[in-house]
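> Just dropping this structure here.
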Amino acid sequence: MRFTITRENLQQGLGAVAGSIPSRTTLPVLSNILIEAEDGGVRMSGTDLDTAVSVRVAADVAEPGAITAPAKKLQEIARELPGAVEFSTQGDAISIASGRTKYRLNGLPRDEFPAFPKVDFAESWRVTGEHLSQLINSVSFAASTEETRPILNGVLWQLGEGEMRMVATNGHRLAKMTLPVDSADGAVPPGDFIVHPRALAQVQRLFRKDETVEVGRSENHIGFRGSDVQIFTRLIEGPYPNYEQVIPRDNDKHMVCEKDALTKAVRRMAIVASDQTHRIRLSLGGAMLRFAVETPDVGTATEELQVEYDGDPLEIGFNAQYLLELLKYMPTSEVRMSFKAPERAATMMPIGNEDTPDYLCLVMPLRLLS
């Protein structure tokens, strides 16, 4: 194998694939990137056996071929090279030259690299990179990071008639977004998939917003591909909890306020909140929202914020960190929170923008100490 590639293209390819390389593995070849030289370009691939990423970058290929190279060392070398790179192999030895700089690395044969999952694109569907990015960015943060309920470690992706939805929850907070499907992109087959946020983060990072992404699936995997990028990931198996049951329909107390003002007030209260519970108290009634925090070994804090409130007086406690997370992903300058009772879930929605998507977040309250 022999090809010449710009340093920028080499770094671009390596950077795209790096996120799929495991930091620790008992299988040495998984620490390597598969490099395949083909007509007019080089394809670089990496996998951790759950998610596989492949990207094609332009290169001047003199002799096609394939080999796997140590990912970390190759990235370190690429960052330091002075210019265009001449890449060649002899057996399992890799030669890298740029100007007067030369390296020789030990590679592993292509045959040792795991095969990518077989995903059927015959009945694929298409979605814009912008819609994928919007759904992933607005929802995946709410997935659980604890291993006690593995199904909650994933993001539920639901495809329906004329719309698609993503939902994630850790049992204490929930995020749900629904977007219409453009009929020009073709029919979308109905179905539910549970995808790990790590894989979705790769999708969001590597596909451009103006790109049309083709999506296909097999029984246990889902695949995304565009003009130069392919991503395959194992689906999380099992039934996702019925999230519709926990979304309240009868919350009759409503508060509207500026997102930035509320964010800053909650952040100030969080300073003296307990490091374990992050509990803050919200007192609603009239035109003022009153915050209070009392942590015995730290101190106290209070604040008032002007809001629009409709409903009977209410005192309710929340984890400040969860509130800040929800506020971070609200796409508008104003938000609406709805409540029922101190022990019932509250919802948060964006308002004030005609282009606001169908987006809802939920947060469970914390019991207040009298």
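The values are calculated or read from the model by the stated rules, or taken from the named source; none is laboratory data. Given the structure is predicted, the values throughout are model-derived calculations rather than measurements. In this analysis, Cβ positions are derived from the backbone assuming ideal geometry, glycine residues included, and neighbour counts consider all displayed protein chains. Heavy atoms of the whole protein, side chains included, go into the accessibility calculation; ligands, DNA and RNA do not. Shrake-Rupley method; radii C 1.70, N 1.55, O 1.52, S 1.80 Å.
> If you take the residues in region 272-287 that are in a strand (DSSP E or B) and open to solvent by 50 Å² or more (accessible area, probe 1.4 Å), which one is nearest to R336 (Cα to Cα)? It would help to see each step written out before you state the result.
First, the residues of region 272-287 that are in a strand (DSSP E or B): 279-284.
Adding the requirement that they be open to solvent by 50 Å² or more (accessible area, probe 1.4 Å) leaves 279, 281.
Numbers: R279: 21, R281: 18 Å.
Selected residue: R281.
> Taking the condition out of contact with any Leu (no Cβ under 9 Å at 6 or more places or on another chain) and farther than 25 Å from H221 by Cβ, does T4 pass?
For T4, the condition - out of contact with any Leu (no Cβ under 9 Å at 6 or more places or on another chain) and farther than 25 Å from H221 by Cβ - is met.
> Go through region 137-155 and give me each residue that's surrounded by fewer than 22 Cβ atoms within 10 Å (Cβ to Cβ) and either of a type in the set (K, R) or touching a Cys at 6+ places or on another chain (Cβ under 9 Å) (or both).
R149
> Among the residues of region 19-70, what is the count of those that are among the hydrophobic types (A, V, I, L, M, F, W, C) and over 23 Å from P197 (Cα atoms)?
Result for region 19-70: 14.
> Hey, among R268, R290, R336, which residue is open to solvent by 60 Å² or more (accessible area, probe 1.4 Å), out of contact with any Lys or Arg (no Cβ under 7 Å at 6 or more places or on another chain), in contact (Cβ under 8 Å) with a residue 12 or more places away in the chain and under 30 Å from S133 (Cβ atoms)? Break it down stepwise before answering.
Values: R268 fails: under 30 Å from S133 (Cβ atoms); R290 fails: under 30 Å from S133 (Cβ atoms).
Only one candidate passes the filter, namely R336.
> Any chance region 246-261 includes a residue that's assigned to a helix (DSSP H, G or I), closer than 24 Å to L360 by Cβ and without any contact (Cβ under 8 Å) to a residue 60 or more places away in the chain?
Yes, there is a match, as at least one residue in region 246-261 is assigned to a helix (DSSP H, G or I), closer than 24 Å to L360 by Cβ and without any contact (Cβ under 8 Å) to a residue 60 or more places away in the chain.
> Go over the candidates T25, T68, T51 one by one and state the one that is under 24 Å from the mean Cα position of the chain (by Cα), surrounded by 22 or more Cβ atoms within 10 Å (Cβ to Cβ) and not aliphatic (A, V, I, L, M).
The unique qualifying residue is T51.
> Any residue at all in region 52-70 that is over 16 Å from R110 (Cα atoms), in contact with a strand residue (DSSP E or B) (Cβ under 8 Å, 6 or more places away or on another chain), modelled with pLDDT under 95 and not polar (S, T, N, Q)?
Scanning region 52-70, I find no residue that is over 16 Å from R110 (Cα atoms), in contact with a strand residue (DSSP E or B) (Cβ under 8 Å, 6 or more places away or on another chain), modelled with pLDDT under 95 and not polar (S, T, N, Q), so the answer is no.
> Sort through G107, G91 and tell me the only one that's under 34 Å from the mean Cα position of the chain (by Cα), within 19 Å of N32 (Cα to Cα) and of a type outside the set (F, W, Y).
Answer to the check: G107.
> Consider only pairs whose beta carbons are under 8 Å apart and that are at least six residues apart or on different chains; among these, list those whose first residue lies in region 65-78 and is more than 18 Å from M1 (Cβ to Cβ) and whose second residue is open to solvent by less than 20 Å² (accessible area, probe 1.4 Å) and assigned to a helix (DSSP H, G or I).
Listed pairs, sorted by first residue: Q75/L14.
> Let me ask something additional. Could you please find all residues in region 301-313 being closer than 20 Å to L262 by Cβ and surrounded by fewer than 15 Cβ atoms within 10 Å (Cβ to Cβ)?
Hits for region 301-313 are T302, E304, Q306, E308, D310, P313.
> Of all residues in region 304-352, how many are part of a helix (DSSP H, G or I) and of a type in the set (S, T, Y)?
1
> If you don't mind, there's one more thing I want to ask. Any residue at all in region 201-219 that is closer than 30 Å to L366 by Cα, open to solvent by less than 50 Å² (accessible area, probe 1.4 Å) and either without any contact (Cβ under 8 Å) to a residue 24 or more places away in the chain or not in a strand (DSSP E or B) (or both)? Give the derivation first.
Taking region 201-219 and keeping what is closer than 30 Å to L366 by Cα, we get none.
Checked against the condition, which is being closer than 30 Å to L366 by Cα, open to solvent by less than 50 Å² (accessible area, probe 1.4 Å) and either without any contact (Cβ under 8 Å) to a residue 24 or more places away in the chain or not in a strand (DSSP E or B) (or both), region 201-219 yields no hits at all.
> Identify all residues within region 219-241 that are of a type in the set (S, T, Y) and farther than 16 Å from T47 by Cβ; write none if there are none.
Answer for region 219-241, where residues must be of a type in the set (S, T, Y) and farther than 16 Å from T47 by Cβ: S227, Y240.
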